[in-house]
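The next block holds one structure in the form of structure tokens; read it before the comments.
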Amino acid sequence: MLMRIKGGRVIDPGNLDGIMDILIANGKIVEIKKEGMAGDEYPEARIIDASDKIVTPGLIDMHVHLRDPGHEYKETIETGCLAAAFGGFTAICCMPNTNPVNDCRQVTEYILQKARAADTVRVYPVAAISKGSKGDGLCEYGELKEAGAIAVSDDGNPVKNSQLMRRALEYSKGFDLPVISHCEDLDLAAGGAMNEGGVATRLGLPGIPNAAESIMVLRDIALCELTGVSVHIAHVSTRESVRAIKDAKKRGIPVTAETAPHYFTLTDESVKKYNTNAKMYPPLRSGQDREAICRGIADGTIDVIATDHAPHSPIEKQVEFDRAANGIIGLETSVSLALKLVENGVISMTVLVEKMSTNPARILGLENGLLIGRPADITIIDPERLYRVNADNFRSLSRNTPFNGWDMKGKAILTMVEGKIVYQDE
């Protein structure tokens, strides 16, 4: 089937930016030309009118929790893929903290089998750094790579042992598996329920200091410098972490970093009234931290915007705040929240595409971009679409979002994977 995406602003950073038409045949891009030129000789092509819309390479979320295997009542691979498509993502990377942990070939292959059956978006499993994510010994990276793992991480658990983390970096290099680090000092964070500060004091909740994150960021930067092997810092939330990563990059250390929309949108003030949908780890920080995250996104210190999509059922969330599970869902609101950065002049639309598509692909070694001959993995965004978030309409099994009821401007309206439309706004 022939399709023609017509008249949209096509943005592929470093490659394309302009009003263009894209012709797609047999799942691949066959022509990209100025508006009115592509597909003129193919009148039978299905037209997708992208006038006043943004057409980008497929968005990639490199930090997602799919809960399958083991906690399918929160999310399945199928529902997670549907949520991703709804949010404009053509590819997602799922973290290994499932039950059992993705630390062996069998679990990796199970995830990929379920993803193929879902037949929606591309799923790239992230395997564990250590067996059972317990920090005692390294997994078999060669076996995991062969099975289809895209990276390694003990996300949800920090690698406390610095020698083990060093060996993980050195071992992973031989298999071209990026290491994604969950930076947390468990002793400093122990017993904490939210950000340490005035809000926590007023609510009578135990706090988690910024240093619980930044100390481990500094350690992993030191190990990155020692080994010469790149490390990717997950879910950055503090100004101290941003400062450390910025300094490391200035010194040529190959560190990359991500943050999530809630860290540049919300602060610990959202926890007032003990709102468990604002409980996550790392916790929501202060206004100063939020401003530092925005600056880090703007100046390139933070390479990637990822959701850290973490589904939980009411069983885990509708309890006392200090007993509630950490995490929120994010796949269906990420694009809209990131577009606020564009609207507020923090970044350009081109930079947003870099953070949500180009850079994740580069860090993970994935083919990406709008080039002739490439699979047609494409996202179309309407930056002017006004809507109100209604979690009941989400494709995710879970509803744990602090953004329910928010008025938004801009959203993904079409998601295409290898020429197949897997989501289209009604």
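Taking the criterion of being surrounded by fewer than 24 Cβ atoms within 10 Å (Cβ to Cβ) and part of a helix (DSSP H, G or I), the residues of the range 279-292 that qualify are G287, Q288, R290, E291.
If you scan the range 34-67, which residues turn out to be outside any loop (DSSP other than H, G, I, E, B) and either more than 19 Å from E354 (Cβ to Cβ) or at pLDDT below 85 (or both)? Residues satisfying the conditions are K34, R46, I47, I48, D49, V64. If the condition is being loosely packed, with under 15 Cβ neighbours inside 10 Å and over 22 Å from L352 (Cβ atoms), then the range 11-27 contributes only N26.
Kindly indicate the residue of the range 114-141 that is in contact with a helix residue (DSSP H, G or I) (Cβ under 9 Å, 6 or more places away or on another chain) and in a helix (DSSP H, G or I) and also surrounded by the fewest Cβ atoms within 10 Å (Cβ to Cβ) among those meeting that condition. Among those that are in contact with a helix residue (DSSP H, G or I) (Cβ under 9 Å, 6 or more places away or on another chain) and in a helix (DSSP H, G or I), it is A117. Here is the figure for the range 294-339: residues that are outside any helix (DSSP H, G or I), hydroxyl-bearing (S, T, Y) and closer than 14 Å to F403 by Cβ total 2. Selection over the range 156-174 of residues that are more than 11 Å from L223 (Cβ to Cβ) and either out of contact with any strand residue (DSSP E or B) (no Cβ under 9 Å at 6 or more places or on another chain) or basic (K, R) (or both) gives a count of 4. Applying the condition of being touching a Pro at 6+ places or on another chain (Cβ under 9 Å) and of a type in the set (V, I, T) to the range 78-96 and asking which residue is surrounded by the fewest Cβ atoms within 10 Å (Cβ to Cβ) yields T79. Here the condition is being over 20 Å from E291 (Cα atoms) and of a type in the set (K, R); of K273, K246, it holds for K273 alone. Checking L205, L177 one by one, the residue that is under 18 Å from S286 (Cα atoms), part of a loop (DSSP other than H, G, I, E, B) and at pLDDT 95 or above is L205 and no other. Across the range 68-106, the number of residues qualifying as in a loop (DSSP other than H, G, I, E, B) and of a type outside the set (G, A, S) comes to 18. Annotation note: of E354, E332, the sole residue that is under 14 Å from the mean Cα position of the chain (by Cα), farther than 24 Å from A298 by Cβ and charged (D, E, K, R) is E332. Cβ separations smaller than 6 Å between residues 6+ apart or across chains give the following pairs from the range 188-214 residues that are within 20 Å of K160 (Cα to Cα) to residues that are assigned to a helix (DSSP H, G or I) and polar (S, T, N, Q): E213/S241; S214/S241. Among the residues of the range 43-70, just one is at positive phi and surrounded by 24 or more Cβ atoms within 10 Å (Cβ to Cβ), namely R67. Considering only the range 313-334, I want to know if a residue exists there that is over 29 Å from T276 (Cα atoms) and among the aliphatic types (A, V, I, L, M). No - not one qualifying residue is present in the range 313-334. Selection of the range 219-277 for residues being under 22 Å from the mean Cα position of the chain (by Cα) and at pLDDT below 95 yields an empty set.
Scanning the range 340-361 for residues that are part of a helix (DSSP H, G or I) and β-branched (V, I, T) turns up V342, T350, V351, V353, T358.
The single residue among L223, L177, L218 that is in the same structural domain as A257 (by TED's automatic domain parsing) and within 26 Å of G330 (Cβ to Cβ) turns out to be L177.
Quickly run through the range 98-119 and pick out the residues that are of a type outside the set (D, E, K, R) and either under 17 Å from L138 (Cα atoms) or not assigned by TED's automatic domain parsing to the domain that holds A147 (or both). Listed by number, the residues that qualify are P100, V101, N102, C104, Q106, V107, T108. Selection over the range 296-326 of residues that are crowded, with 24+ Cβ neighbours inside 10 Å and closer than 21 Å to H71 by Cα gives a count of 6. Of the listed requirements (1) among the aliphatic types (A, V, I, L, M); (2) touching a Leu at 6+ places or on another chain (Cβ under 8 Å); (3) surrounded by 24 or more Cβ atoms within 10 Å (Cβ to Cβ), L266 misses just one: (3).
The values are calculated or read from the model by the stated rules, or taken from the named source; none is laboratory data. Every value quoted in this text rests on a predicted model; they were computed, and no experiment measured them. Heads up, the Cβs are rebuilt from the backbone with ideal geometry, glycines too, and the neighbour counts pull from every protein chain shown.
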